[in-house]
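Engineer: Below is the structure I would like to discuss, written out as structure tokens.
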Amino acid sequence: MMEQPANPDRSAISDWNTQLAAATAWWREAGVDCGFVDQPRDWLEATKPLAEETSPDVPLARAAPTPTPPVPKIGGERSRWPATLEDFAAWWLTEPSLDAASGSRRVLPSGPQPDPHGAALMVLVGQPEADDRDALLEGPQGRLLDAMLGAFGLTRAQTYVASILPRHTPVADWKGLAEAGMSAVVAHHIALAAPQRLLVFGRGGVSALVGHDPAQGSPPSPEFNHDGGSVPLTIAPALETLLDRPALKAGLWTRWLEWTDPR
């Protein structure tokens, strides 16, 4: 009698695995490497929230977006602004919102003691010079200003000299400063100084902080209006520009004569 294989079940399983592997290899060679069914299936069904499955007609509640905190206004609470020019000095040196710069000291304005009529002239520049330490405009721009004031028949001691920014700030964002409230601080400063005339050195961004937008193409207003009234205004090129282009000084001299002509 012929002997039977010791384990016929294992032999059958081996043949079946061989046939299955061969069939799978054949379909793979034909480019079919995925299973297919006739009925479509929603593969995202398992990922949907339970609330959507049980109440498909009820929209899901969404979290409210986090509101963007408002940008702090330069100068802080207006009710705390200094009410006199004497108080302005301490506030100018300590109010944290006036600038975000570091690495240089804040520089105070300079000029005569306040009187009922104010200084004959207030000079307003964009910022201190890079090397200013004890006084505003100690460098080349200050020497140019002193020479110009002498030609105008004035001295530094008779002139209130101030800056828009308390410390030297390279590449200052004048537009951003205006939007953040620096224009109001400048207006308040001018109102406290109460000068008889206001001469602003700096066109473009600097002059925009006193109400003149050069992008509009219109000439600057001859008056600067503030809460306490108005003051005659003229705008000149920045002092550093006058140093680089001395020919512009002739135009400023002519404008000064026209501006101060008593007729």
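The values are calculated or read from the model by the stated rules, or taken from the named source; none is laboratory data. Computed from a predicted model, the values in this text were never measured in an experiment. Neighbour counts are summed over all protein chains in view; Cβ atoms, including those assigned to glycine, are modelled from backbone coordinates with ideal geometry.
Engineer: Any residue in segment 133-155 that is surrounded by fewer than 19 Cβ atoms within 10 Å (Cβ to Cβ), under 25 Å from Ala83 (Cβ atoms) and not hydrophobic (A, V, I, L, M, F, W, C)?
Structural biologist: No: zero hits.
Engineer: For Ala83, state whether it is within 15 Å of the chain's Cα centre (by Cα) and part of a loop (DSSP other than H, G, I, E, B).
Structural biologist: Details: within 15 Å of the chain's Cα centre (by Cα): no; part of a loop (DSSP other than H, G, I, E, B): yes.
It is false that Ala83 is within 15 Å of the chain's Cα centre (by Cα) and part of a loop (DSSP other than H, G, I, E, B).
Engineer: Something else: Within segment 221-252, which residues are closer than 21 Å to Arg143 by Cβ and surrounded by 13 or more Cβ atoms within 10 Å (Cβ to Cβ)? Give the derivation first.
Structural biologist: Our first condition is that a residue be closer than 21 Å to Arg143 by Cβ; within segment 221-252, this holds for 236-252.
If the condition is that a residue be closer than 21 Å to Arg143 by Cβ and surrounded by 13 or more Cβ atoms within 10 Å (Cβ to Cβ), then Ala236, Pro237, Ala238, Leu239, Glu240, Thr241, Leu242, Leu243, Leu248, Lys249, Leu252 are the ones that fit.
Engineer: Also: Of the numbered conditions (1) of a type in the set (Ser, Thr, Tyr); (2) part of a helix (DSSP H, G or I); (3) over 16 Å from the mean Cα position of the chain (by Cα); (4) modelled with pLDDT of 90 or more, Tyr160 satisfies every one except a single condition; which is it?
Structural biologist: For Tyr160, the exception is condition (2).
The rows are residues; the columns are (1) assigned to a loop (DSSP other than H, G, I, E, B); (2) at pLDDT 90 or above; (3) closer than 29 Å to Asp87 by Cα; (4) hydroxyl-bearing (Ser, Thr, Tyr).
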site: Val185; (1), (2), (3), (4): no, yes, yes, no
site: Pro195; (1), (2), (3), (4): yes, yes, yes, no
site: Leu199; (1), (2), (3), (4): no, yes, yes, no
site: Phe224; (1), (2), (3), (4): no, no, yes, no
site: Thr234; (1), (2), (3), (4): no, yes, yes, yes
site: Glu240; (1), (2), (3), (4): no, yes, no, no
site: Leu243; (1), (2), (3), (4): no, yes, no, no
site: Thr254; (1), (2), (3), (4): no, yes, no, yes
site: Arg263; (1), (2), (3), (4): yes, no, no, no
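Engineer: Can you pull out every residue in segment 57-115 that is modelled with pLDDT under 90, surrounded by 10 or more Cβ atoms within 10 Å (Cβ to Cβ) and of a type in the set (A, V, I, L, M)?
Structural biologist: Those that are modelled with pLDDT under 90, surrounded by 10 or more Cβ atoms within 10 Å (Cβ to Cβ) and of a type in the set (A, V, I, L, M): Val71, Ala101.
Engineer: Taking Arg197 as the residue in question, decide whether it is basic (Lys, Arg), within 28 Å of Arg245 (Cα to Cα) and over 29 Å from the mean Cα position of the chain (by Cα).
Structural biologist: On the way: basic (Lys, Arg): yes; within 28 Å of Arg245 (Cα to Cα): yes; over 29 Å from the mean Cα position of the chain (by Cα): yes.
Spelling it out, Arg197 is indeed basic (Lys, Arg), within 28 Å of Arg245 (Cα to Cα) and over 29 Å from the mean Cα position of the chain (by Cα).
Engineer: For segment 120-172, give me each residue that is among the β-branched types (Val, Ile, Thr) and out of contact with any Leu (no Cβ under 9 Å at 6 or more places or on another chain). Even if it seems obvious, please write down each step before you answer.
Structural biologist: First pass over segment 120-172, keeping only residues among the β-branched types (Val, Ile, Thr): 123, 125, 155, 159, 161, 164, 169, 171.
Once the filter is applied, which keeps residues that are among the β-branched types (Val, Ile, Thr) and out of contact with any Leu (no Cβ under 9 Å at 6 or more places or on another chain), segment 120-172 yields Thr169, Val171.
Engineer: Only residues that are without any contact (Cβ under 8 Å) to a residue 12 or more places away in the chain and within 10 Å of His168 (Cα to Cα): list them for segment 86-110, please.
Structural biologist: Ser102, Gly103
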